[in-house]
1. Please count how many residues of segment 210-224 are within 16 Å of ligand 2 (Cβ to nearest atom) and surrounded by fewer than 16 Cβ atoms within 10 Å (Cβ to Cβ).
2. Got at least one residue in segment 173-195 being in contact with a Ser or Thr (Cβ under 6 Å, 6 or more places away or on another chain) and farther than 14 Å from HIS58 by Cβ?
3. Yes or no: segment 38-57 includes at least one residue that is at pLDDT below 90 and either surrounded by fewer than 20 Cβ atoms within 10 Å (Cβ to Cβ) or within 16 Å of ligand 2 (Cβ to nearest atom) (or both).
4. Cβ contacts < 6 Å: first residue in the same structural domain as PHE51 (by TED's automatic domain parsing) and closer than 19 Å to TYR106 by Cα, restricted to segment 140-161; second residue loosely packed, with under 15 Cβ neighbours inside 10 Å and at pLDDT 95 or above, any location; separation 6+ or different chain. Result?
5. Out of the residues in segment 128-149 meeting the condition of being farther than 16 Å from TYR98 by Cα and modelled with pLDDT of 90 or more, tell me which one is surrounded by the most Cβ atoms within 10 Å (Cβ to Cβ).
6. Which ones in segment 156-167 are part of a loop (DSSP other than H, G, I, E, B) and surrounded by fewer than 16 Cβ atoms within 10 Å (Cβ to Cβ)?
7. Would it be correct to say that ALA122 is over 30 Å from GLN207 (Cα atoms) and within 16 Å of ligand 1 (Cβ to nearest atom)?
Amino acid sequence: MYQVKDMSIESEISANKNTSLKNSNKSALEYDLFDSIVGYDDIKKLFQLSFGSQRPIHILLVGPPASAKTLFMLGCMKLDRSYFTLGTHSTKSGMVDYLFEKRPRYLIIDEIEHMSIRDQTALLSLMETGIIAETKHMKTRNTQLKTWVFATSNQTNHMLTPLLSRFMVLHFKQYKYENFLDISIHMLAQEGITKDVANEVAAQVWQKMKSKDIRDCIKIAHLAKTKNDVNWIVETLLKYNNPSYSTKK
Ligand SMILES: Nc1ncnc2c1ncn2[C@@H]1O[C@H](COP(=O)(O)OP(=O)(O)O)[C@@H](O)[C@H]1O
Ligand SMILES: [Mg+2]
């Protein structure tokens, strides 16, 4: 039985709960956990293989912003006994305590490069042997877990090298225009936006705004009803553009 657990980060995640797999008797492998992601069929398959493997196979997705890394983590969250944490928040929310108490099967870490060295060190051992140990107030506690670790990172410079070597590392490439167009049209169609307008939005965001972020398409498409509207909105955004705004090359 697979179900979405209670987790407390941001609205994107609570939205994800709508796709709960609760009360179903199908196995996770029959589900497309990643049905909101366009393309990447090979990566989806690798994840499915990892879920089904006897021993944990840890996966790290590395790539530029807006390349669907977090979407993959949100998909993994639909697995039962998964625990999601942000690298930036891991210590604050007590990752090690959580591991001891809840013994998650899947540990999902978005933006792992921001994780403290203390938590990276704990992870090293968890990933290699399943053992976690902690000394606090002169007392030591140990336990052994069978936990798969799935993580994302924008780059790998800030990660401990031995930690990196414990992952199967997959580097996502920046989208080419044709990928960007496909994904935008697909996403915008789901929101009831016509192909005509979606095409125009994607073209203008990419060519005029020099952005490769599909979120920019979504924002503009929500305001525009016609191609003329798209033109006007993009012109206005460019007029009030901050030079740092269009750096997503
Ligand atoms: N392959 C894709 N399929 C569907 N949506 C995508 C895809 N790539 C990017 N997006 C869109 O871009 C947004 C950013 O994706 P996200 O996973 O947060 O990127 P990252 O974590 O790599 O920065 C998503 O919310 C979605 O709207
Ligand atoms: Mg992300």
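The values are calculated or read from the model by the stated rules, or taken from the named source; none is laboratory data. Here the structure is a predicted model, which is why all the values come from computation and not from measurement. Virtual Cβ from ideal backbone geometry, glycine too; neighbours counted across all protein chains shown.
1. The number of residues fulfilling the criteria is 1.
2. Taking every residue of segment 173-195 in turn, none turns out to be in contact with a Ser or Thr (Cβ under 6 Å, 6 or more places away or on another chain) and farther than 14 Å from HIS58 by Cβ.
3. So far as segment 38-57 goes, no, none of its residues is at pLDDT below 90 and either surrounded by fewer than 20 Cβ atoms within 10 Å (Cβ to Cβ) or within 16 Å of ligand 2 (Cβ to nearest atom) (or both).
4. Listed pairs, sorted by first residue: none to list.
5. Ranking the qualifying residues of segment 128-149, first place goes to GLU128.
6. ASN157, HIS158, LEU160, SER165
7. When the stated conditions are applied, ALA122 does not pass them.
Rundown of residues vs (1) modelled with pLDDT of 95 or more; (2) part of a helix (DSSP H, G or I), yes/no style:
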| site | (1), (2) |
| --- | --- |
| ALA189 | no, yes |
| VAL205 | yes, yes |
| LYS210 | no, no |
| HIS222 | no, yes |
| TRP232 | yes, yes |
| TYR245 | no, no |
